[in-house]
Every structure is written in C-alpha cells, then in structure tokens.
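Structure record follows, encoded as structure tokens.
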Amino acid sequence: AAGHLGVTELCAVALAHSFMALTQAPFAAALLSPVDQAISGALSAARGASLAPMAGLWVQRAMVLNVCLAFLLALVWQASWPLWVSVLQVGIPTAEAAITFLRFSILGIVQELSLETSAVWML
C-alpha cells in the first residue's frame, strides 16, 4: 500500500494515536473546560459592558494557556517512552518511532486547542 513503511512503523503510529487519545482528552477536560467556562463568562460580561478590548485580552490569555498546556503535554509524551518499553513490553525501535510521530503531532495540538478557544470567542 502507498505510504506503508513497515510493521514497526505501523505499530508505532497505532501506539502513538492511542497514547494521544488517552492523554489529550483528560488534559482538555480537566484544564480547558473550567477555563472555557470562565472565559465565556468574562466575554459575555465584557460584551455587555461594551468592553471589547477586555474580551480580546481574555482570549489572548486563553491562547497563552493553551500553548502552555501543549508544552506540558509534549513533556508528558516525551517522557512516556521508557514506560512503553518497560510496562507494555514494546520494542525500542517501535517506541522510538512512536515518539518521533508524537513529536510531529504536537504541532497540531496547539492549533486544536486554539480552535477550542476560538469556538468560545464565537459564542
């Protein structure tokens, strides 16, 4: 098949996707839900009081928080591969390929978190 490099790479991508799903959702639920609720309240109050610059300030703060969250998530992902090797008995080449995939995937996390903040801005 086109783009299929080998069994090791396929296993690495499957492992990385599973780990992304397991770590990204709890971080987003634990940290972003309260922040989104606070920002939506602040935005509606700022709009009601005709303070549009204040609303923009809250959105900028949320974007900074999202970048910090993505950095924290990248650190968790980077530190996870010894766990895969010792606990899950994943081979070292597979773990290294999965970490490489996660390193490239972290670039998309910032955009995804920014979209969530932008959705709050549109409320």
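Global size of the range 25-94: 18.4, 59 Å for Rg and Dmax (C-alpha atoms, Rg to one decimal, Dmax whole).
Evaluate E = 1/(1 + (r/R0)^6) for Ser18 and Ala45, where r is the Cβ-Cβ distance and R0 equals 30 Å; express this FRET efficiency to the nearest 0.05.
Values: r = 41 Å, r/R0 = 1.36.
Step by step, r from the Cβ atoms, then E = 0.15.
Readers should treat all values here as calculations from the given coordinates under stated rules, not as data from a laboratory. Predicted, not measured: the structure shown is a model, and the values here were computed from it. Because the Cβ atoms are built from the backbone with ideal geometry, glycine has one as well, and the counts that use them run over all protein chains shown.
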